[in-house]
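Values in this text are rule-based calculations from the coordinates and carry no lab data. These numbers were taken from a predicted model, which means no experiment stands behind them. Here the Cβ positions follow ideal geometry from the backbone for every residue, glycine too, while neighbour counts run over all protein chains shown.
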Amino acid sequence: MSLNNTTNATTNNGGIVGILNASTIMYCISNSNIISGTNRGGLIGSTTGTVKIENIFYDKDNSSTTDTDRGNPLTTQQMKNLPLK
């Protein structure tokens, strides 16, 4: 999954998911602009329960976030160099 949008919520604001509850998310990239909110992240706003996160990346330059526990932050240039299949 790849997503490019602007999100502006007051809480649980993520580039792909607001709240991830006891789930698995894999193989995603996001170039979303996260404007504001508490519990915000480049990909996932917040998590509850047992969550498995694997091979997900977001543009930390565009999202203005650097949360490493909910995805892998990369620069815009690093995002451009991802080996997507």
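Each peptide in 12-24, 49-61 receives the mean, over its residues, of other Cβ atoms within 10 Å, and ordering these scores from highest gives 12-24, 49-61. The Rg/Rh ratio of the range 15-59, with Rg taken over Cα atoms and Rh as the Kirkwood radius over Cα pairs, comes to 0.95.
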